[in-house]
Structure formats: C-alpha cells, structure tokens
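Structure, as structure tokens:
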Amino acid sequence: MATASMTAQRTLRVLDEATQAAIEEELVRCADEARSTVLLKHRASFKAQAPSEAECKQWVKDATGRRVTQAMLLGTEMHHAARRCIDEKLQKLRPGGFSLEPRYAYTLDTGTKRWISPKEEQALEHSGNGGELSGTLKPDVVLHSGNPLEVKATYDFKFPCVNTDEAPRWSRYPDGHPYEDFTQGQMYEKALGVRPARVVPRLGIFR
C-alpha cells in the first residue's frame, strides 16, 4: 500500500488544469492586492491615486537609505507583498510543489541547468562571492514536482509603475551580459523547459 508521502509525490508530478487555474487566479489576486496595498501606503507621494510617469521617475530613498526611483521602490515593495500573499496560498494549493524566487544556473553552450539552493546562495553573498551569481535566473514563482529541476510552470510578477492597459514586455538582457541576445522570458523557457507567464495586476496572466 502506498504511503501518504508516496501518494503526495505522485500528485506533484502532475499539474492538472483545475489546480493550475486555481493557482493562477490566486496569483492575479495577490498581484492586485499587492499593488493596491503599496499604492495606498505611498498615497501622499502622488497627486492622483496612482503615480504619473513623471512621479515614477522621481528619486527617493528606500528603507535602507539607498537612492532609487519611485518606480523601483514601488515595484520592490509590490513584489514583496505579492510573495507573502502567494506563499500562503500555495501552501494550501500545492504544498511541497512550488518554490518562490528559486535561483538556477544555466549554461547556454551546453544547455545544462543547476538549481542553487537558498543556503548556497546566501553563503556566496555573505562570503563576498555574490558575483558568481551573475548570469543566473531567478523567476518569482516556479511550480514543480517537489524537485526544483522538474519544472511544471513558471511565473513572474510584473508591476508597471504607471497604469496601463498593456502587459509589459519581457526585459532584454543588456550588452555584455551572458544572455545578452535574449529576453528574460526566452531564457526562462530555454532553461526551465516551459513557457513562462507574466502576472500583471488588473490585467491578468500573459504568455
């Protein structure tokens, strides 16, 4: 007779359409809530309910005193809020079968990928060798079989600073970067083997 653990592992190997639809509904809900919460927190900084393009470009200081644009500050806070929200939801919808902000090393020449554990990532950063993480991939949400290398779906939250009716495009890597000829979305697909989706507040899921 199969144990409960074995049954759970078998369940995680498959991501059925109903479960994925429920997860995506929560992803969008978390994105909406994150945007609303953060904009309300910073409401005094804007002339209207949401920042204008000029206000998004203004320089401000984040919680650490670092000088950043308003767009960077809001985007970072929205990502953190969305992460907390979806972590709670996924613990119920797919326990053991997801990772938030996992990091992967991927070699273009060989097509090989490697999961970098949070412990290894922290060790590199604390030892001053964080530069070794350059050229790695870090999607916001990955659904997997229980093994982060067996990816079922990948999602990135996108929080445009200015209200828009169009989904933001995937960012292209800059000149000199190991992935300079590709966009973020293209690299996620190459490395993880599934077409990634963007989660945009008010607009929903885009592939």
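Some notes on this structure:
- Restraint check, LYS57/LYS152; LYS113/LYS158; LYS61/LYS158; LYS47/LYS158, Cα-Cα greater than 29 Å: LYS57/LYS152
- Spatially proximal aspartates and glutamates relative to LYS89 (Cα-Cα < 15 Å; intrachain offsets below 8 disregarded): GLU24, GLU25, GLU26, ASP32, GLU33, ASP140
- Take every pair of alpha-carbon atoms less than 8 Å apart whose residues are at least six positions apart; their mean separation over the length of region 165-207 yields a relative contact order of 29 percent.
- Restricting the GluC sites (Glu not before Pro) of region 108-207 to loop positions (DSSP other than H, G, I, E, B) with no more than 12 neighbouring Cβ atoms within 10 Å leaves GLU166, GLU180.
- Rolling a 1.4 angstrom probe over the protein heavy atoms with all chains in place gives the chain an accessible area of 58 Å² per residue.
- Percent accessible area from carbon and sulfur atoms, the chain, protein chains only, probe 1.4 Å: 49
- For region 64-207: rounded, prolate or oblate by the Cα gyration tensor [a/c cutoff 1.5]: rounded
- Rg/Rg_ref, region 1-123, where Rg_ref = 2.2 N^0.38 Å and atoms are Cα: 1.42
- For the chain: relative contact order, % (alpha-carbon pairs under 8 angstrom, 6 or more apart): 21
The values are calculated or read from the model by the stated rules, or taken from the named source; none is laboratory data. What you see is a predicted model, and the numbers here were worked out from it, not measured in a lab. Neighbour counts are summed over all protein chains in view; Cβ atoms, including those assigned to glycine, are modelled from backbone coordinates with ideal geometry. Heavy atoms of the whole protein, side chains included, go into the accessibility calculation; ligands, DNA and RNA do not. Shrake-Rupley method; radii C 1.70, N 1.55, O 1.52, S 1.80 Å.
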